[in-house]
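Here's the structure we're looking at; comments come further down.
The values are calculated or read from the model by the stated rules, or taken from the named source; none is laboratory data. The model shown is predicted, which means the values in this text are computed figures rather than measured ones. Every residue, glycine as well, gets a Cβ built from its backbone with ideal geometry; the counts of neighbours run over all protein chains shown. With ligands, DNA and RNA removed, areas are computed over all heavy atoms of the protein, side chains included. Shrake-Rupley method; radii C 1.70, N 1.55, O 1.52, S 1.80 Å.
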Amino acid sequence: MSFGPTTFISAAGSTPVLVIVIPLLAAMLAPIVSRIHRSVGWYLATTATFIAFLLSLSLLYTVIDGGTVSYRMGSWAPPMGIEYVVSYFNGFVLAVIAFISFIITLYGKKSVEQEIPEQKIPFFYSAYLLFIAGIMGIVITGDIFNLYVFVEITALSGYALIAMGKDRKALMASYNYLILGTIGATFLVLGIGYLYIATGTLNMNDLMQRLPEIYDSTTVITAFAFIMVGLCLKLALFPLHIWLPNVYTYSPSIVSALMAATSTKVMAFVLLRIMFTVFTPEFVLEVVPVTKILIVMSCVAIIMGSLIALGQTNIKRMLAYSSIGQIGYITLGAAIATETAMTGSLIHILNHALMKGMLFMVVGAVVYKTGIVNIKDMEGLGKRMPWTMAAFTIGAMSMIGFPFTVGFISKWYLATGAIGAGMWYLVPVLLVSSIMTAFYFWRVVESVYFKGRSARIDTLKSPHHSDEAPFGMVVTTLFLAGLCIYFGLWASGPVEVAKNAAAFLLGS
Amino acid sequence: MTEWAHPGVIMLVGTILIPFLKGGVKKSYMLLIPLVALAATYYSTPGTTVWVYDYMGLKLVFGRIDALSIGFSYAFCIMTFIGGVYSLHLDDDRQHIAGLLYAGSSLGAVFAGDLLTLFLFWEIMAFSSAYLIFAGKFKNSTKAGTRYLLVHIAGGLFLLAGILMYYAESHSLAFNGFTPDGPGGATAFYLILIGFLLNAAVPPLSAWLSDAYPEGSITGSVFLATFTTKTAIYVLIRGFSGAEILIVLGIIMTLYGILYTIIENDCRRLLSYHIISQVGYMVAAVGIGTEFAINGSAAHAFTNIFFKGLLFMGAGAVIYVTGTRKLTELGGIYKKMPKTVVLFMVGAFAISGFPLFSGFVSKAMIIGAAHYEHMAWTTMLLSLTAVGTFLSVGLKLAYHLFFRPNEHNELAMHKAKEPPTNMLVAMAMAAVICILFGVYPKALFSMLPFPTDYNPYTMDHVTASLLMLGFTALAFYIVLGKLNPHKTLSIDTDWFYRKTGGMFIYFINSPLLKIGDLIAGVVFTAVPNGLIYFMRNPLGAFKIGADTFSLAISGSDRRVKLRSRIKREKAIYPGDNIKHWPIGSTVVWVAVFLLACLLIYFV
Amino acid sequence: MKLSRKVKTIFFIILGLIVIADYFAPRGYPIFPWDTIPAFWGAFAFVGCLLLIGISKFLGYKLKVMKKEDFYD
């Protein structure tokens, strides 16, 4: 690539960096422009995420047409300079993340106005956009230290976002997450440091080239162990999940939705990325038995997450534990490491982002309208908020894995992948967790549709407001619900991309 | 004709308009849907495979049209129409929609040519039918519906697991005959079989049926009695005809069901056991697996749809007007609702196998098939069930429901009257079909998968049937006469409830059912509830458990202290989550995790 | 249930007629030894009916199959 201003400006060439720069710039602008009017922040965030989404889509198409796109930060050639790389694999994840962030932002206007104190709204949007810039950066960067920086950006803005929750416990949740997240990040950076010491490079491609010679070195293996543990803590793999339920429960609704849809998914993505593109499939399959450990851990996560979700009375907490189980699906597919299972894992990143984001949006709408988070208090809500609850039902069906919903696709690929790899004993794990999922979602659906009104709902009846959530919330939620079915019925598109990404990861 | 309209999809899509229509338009529209589906069935070309789609590289077949699927489609469409007429007085969109979704998905399952499509419709059936149980609004409807739904989701997962095993080995979803040494091996074979048998209500997987159907809504029960078990028979015919284990299971089913009907007090529960019993015939016939037996199985499915529907409609009419479903509170109401009685008796004669009624023809085919194959035990035991069927429906149920003088029936007598006209019309239609199939068996034979020129009306067969019916009636009368005038078969239950203080006895719990209930109780209540309790605060629950344990083993001096401590702990349980956010424990876990990773990597 | 003498008489006459008819009915497809015994199915039904009642009563009372209505509450 030649030096000079033309390269920098050329739209196609600089798309990778613009995806990050636009939310980042918007994050800086947000506190300033919000002085004009409090809702300007929201318009800014929506525009920024929308542009980021369009850019990520165009990137994905570029990748599908012409293969991997690379961008050199400041035109410094890698491995010295920082490189942004968009391949099949992360182009897909990037588009998913950008899309979900956009939808959630679109959804969140009223919810933010209600839940965040007015004087804090500018800073909220600032932290919010920073968070989005961070997760997109994690996905797109090709430099492992830069990845760590983005992880920290995400985490720090995340702490601030969580702490803005209405409940005082949000502070405590944020503080816990701060400590545990820092521990995770420390492990990550230690591991990266070891890799740097061993190889003298931080560029992922370069690492991939140089590492195989020294796979048996203690430093590399220790580095890998540190990175694994750090990431498992960050992606809340059971039993390192303890920070997550409180975070999801006490943070503002929109933050719960955003984090549930994106942050752990991105960490799972990083895990895949490091396992298969910094290290190689041979390393994780043959040199160290990490996939075997990960299979066991994933199964434990799937079962325990669903099991604990059964016991929850708070719907946000129930969804949080459900997420812990679902993370297990993603890591399970990665650990089986065949193309089919990996496809299931990748497609589940999209699918779970859709489903869980949507379910948290439903809860956000319920909280906005009634303040209810207890499953028992939701009795009779089906009549008051029919559209919102219809979306919830679709999400629940999808989580159970009803045929021709997105949840079914993931499970189908994971299960056939497991059987194909000769691990048929994983199928009962998937199915048992499905029935547990059915069980805990059923408790909500039963309460919502088949019980009388709860006393709590009757006291909330106000003659001035319609019972259904505001239009913007309902439409965005239903849109995602529709996608849960759409991508279930016409799955070929995403599946095709995920298949290619899986093939790319496994180096075939 | 290459173009084809899927009858099931017509019903599924047709439901969309229902909430937007009103009054007479809505009613005619709801009746029109099954008729259109019927017409679509009529214009189907046997032997064609249509509506084939590609789904992620999987071949989905929505329209496998052959004699077998068309026959079931006819029966289902007609019964949906009759059920629609029966529920015409009802102003409940959700029930109408659920009923049509249920019927449509059953048709979808019937026309499904591959396993994934089948599974899709299988699941829609489970969900839509569960709604019909919730809509019952009886005391236990919601709970029974929940149990029903979860059992069916579990059954669906068995099926799915089997499908996955099958697909992973063969990379094909083709839904044809399964064998234990086919793709996926015996595991796939038995997993799919279990999935099917659960829907066919084979003991001990049958507890859901007798548990949930009596709790369904009055109109919904008519649909429930029709679709789930018959669809299961259809898929058994497709996938497992000739599997010998089915003969044994079928015979067990028939007798199991019959024994319960004799001591049952809830009239719809009694009829539910009859479903199990009658489906047993069909399962056994599938197991015999000859062309004639398969014909018999399908024929009995078709006749059964109409006479069982008729009986459920009759019982439903009685419940609708009197508000009770216990035989101990009914009886003597024949004067108030003579039309219902006549129509009900047609159904009772049909199920009992009276000559000139439909059951006579189809039962003769199944028992005949066993006879031709020289299966002595099968012939005998199936005939015994035929005796029991007449005893419990034709005699016991009819007698107790309508004729028996009963001093506990004042309420029922007071309320009893003819049900709404639409109910009577629906029953009359079903009754006409019951008689038509009996008088003109060719109509029935034309719906069967294989051509047949069977003649059930041979003299020896007619006399044998009449002998069986006559002597059953005789035995019934003798047993009746030996007891004191009030003590009929269920008067024994009178004795029981008088002894124990005025409560009616109707719940039955056999060794087999007991196991089923136990499993249901443990799996669906005790374990989840225990887990739910435990998971609210594992640490706290553990503390309570430990204290309870030390209470049991400690001396008296510490007991008071321990008791108050347990009481305190239980009072605050599950407590505040914020108090036990263990950062420390996570750090320990991290350390353990790292250590474990390093150890495993290096060792 | 009290049936009048007339009804009973008619019932037994019909039963008798069926038995006689069965005696003369040609057996279409006899396989088992009992297929040719006249009125076999009558005896079978009579015994079977009593047997079924007996077994179900045995199940109901001796094996405690029947429970009070509020058993599950």
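Table: residues versus (1) over 25 Å from B:P441 (Cα atoms); (2) not assigned by TED's automatic domain parsing to the domain that holds B:G438.
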site	(1), (2)
B:T226	no, yes
B:G250	no, no
B:T254	no, no
B:T261	yes, no
B:R268	yes, no
B:I275	no, no
B:V279	no, no
B:G289	no, no
B:A299	no, no
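Total residues in the stretch B:13-59 satisfying the condition of being in a helix (DSSP H, G or I), open to solvent by less than 40 Å² (accessible area, probe 1.4 Å) and farther than 18 Å from B:I70 by Cα: the figure is 6.
Considering the stretch A:284-298, and only residues there that are in a helix (DSSP H, G or I) and open to solvent by 20 Å² or more (accessible area, probe 1.4 Å), the residue that is nearest to the other protein chains (Cβ to nearest Cβ) turns out to be A:I293.
Scanning the stretch B:99-128 for residues that are farther than 17 Å from B:I233 by Cα and either in the same structural domain as B:A301 (by TED's automatic domain parsing) or under 16 Å from the mean Cα position of the chain (by Cα) (or both) turns up B:G99, B:I124, B:F127, B:S128. Of the numbered criteria (1) touching a residue at least 60 places away in the same chain (Cβ under 8 Å); (2) open to solvent by 10 Å² or more (accessible area, probe 1.4 Å); (3) under 22 Å from A:E446 (Cα atoms), the one B:A212 fails is (2). Within the stretch A:470-505, the set of residues being in contact (Cβ under 8 Å) with a residue 60 or more places away in the chain, open to solvent by 10 Å² or more (accessible area, probe 1.4 Å) and not in a helix (DSSP H, G or I) comprises just one member, A:P470. Please work out if B:D181 is more than 14 Å from chain A (Cβ to nearest Cβ), part of a helix (DSSP H, G or I) and open to solvent by 20 Å² or more (accessible area, probe 1.4 Å). Criteria not met by B:D181. If you go through the stretch B:308-350 and keep only what is part of a helix (DSSP H, G or I) and farther than 18 Å from B:I218 by Cβ, you end up with B:T328, B:Y334, B:K335, B:P338, B:V342, B:M345, B:V346, B:A348, B:F349, B:A350. Just checking, does the stretch A:153-168 include any residue being closer than 30 Å to A:K110 by Cα and within 11 Å of chain B (Cβ to nearest Cβ)? Scanning the stretch A:153-168 turns up at least one residue that is closer than 30 Å to A:K110 by Cα and within 11 Å of chain B (Cβ to nearest Cβ). Does B:G177 qualify as being at pLDDT below 90 and among the small types (G, A, S)? So B:G177 passes the test.
Here C:T36 passes the criteria (1) farther than 17 Å from B:F390 by Cβ; (2) within 7 Å of chain B (Cβ to nearest Cβ) except the one numbered (2).
Sub-6 Å Cβ pairs linking a first residue in the stretch B:259-271 that is more than 9 Å from chain C (Cβ to nearest Cβ) to a second residue that is hydroxyl-bearing (S, T, Y) and in a helix (DSSP H, G or I), at least 6 apart or interchain, are B:R269/B:S210; B:L270/B:T261, ordered by first then second residue. The listed residues are B:A386, B:A431, B:A412, B:A416, and the only one of them that is within 26 Å of the chain's Cα centre (by Cα), assigned by TED's automatic domain parsing to the domain that holds B:L311 and open to solvent by less than 10 Å² (accessible area, probe 1.4 Å) turns out to be B:A431.
The condition (being outside the structural domain of B:L68 (by TED's automatic domain parsing), surrounded by fewer than 20 Cβ atoms within 10 Å (Cβ to Cβ) and under 26 Å from B:I82 (Cβ atoms)) is satisfied by just one residue among B:V342, B:V393, B:V318, B:V346: B:V342.
When you check B:D460 against the structure, is it surrounded by fewer than 14 Cβ atoms within 10 Å (Cβ to Cβ), outside the structural domain of B:D91 (by TED's automatic domain parsing), more than 23 Å from B:V342 (Cβ to Cβ) and modelled with pLDDT of 50 or more, yes or no? Spelling it out, it is not the case that B:D460 is surrounded by fewer than 14 Cβ atoms within 10 Å (Cβ to Cβ), outside the structural domain of B:D91 (by TED's automatic domain parsing), more than 23 Å from B:V342 (Cβ to Cβ) and modelled with pLDDT of 50 or more.
Checking B:I65, B:I97, B:I18 one by one, the residue that is among the β-branched types (V, I, T), in contact (Cβ under 8 Å) with a residue 12 or more places away in the chain and in contact with an Asp or Glu (Cβ under 8 Å, 6 or more places away or on another chain) is B:I18 and no other. Can you find a residue that is more than 25 Å from B:G289 (Cα to Cα), assigned by TED's automatic domain parsing to the domain that holds B:G280, in a helix (DSSP H, G or I) and open to solvent by less than 10 Å² (accessible area, probe 1.4 Å) anywhere in the stretch B:351-372? No, the stretch B:351-372 contains no residue that is more than 25 Å from B:G289 (Cα to Cα), assigned by TED's automatic domain parsing to the domain that holds B:G280, in a helix (DSSP H, G or I) and open to solvent by less than 10 Å² (accessible area, probe 1.4 Å). None of C:I55, C:I31, C:I18 is at the interface with another protein chain (Cβ under 7 Å from one of its Cβ atoms) and crowded, with 18+ Cβ neighbours inside 10 Å except C:I18. Looking across B:F189, B:F240, one residue alone is open to solvent by less than 10 Å² (accessible area, probe 1.4 Å), more than 17 Å from the chain's Cα centre (by Cα) and of a type in the set (F, W, Y). It is B:F240. Condition check for B:K442 on (1) farther than 20 Å from B:A299 by Cα; (2) open to solvent by 80 Å² or more (accessible area, probe 1.4 Å): one failure, at (1).
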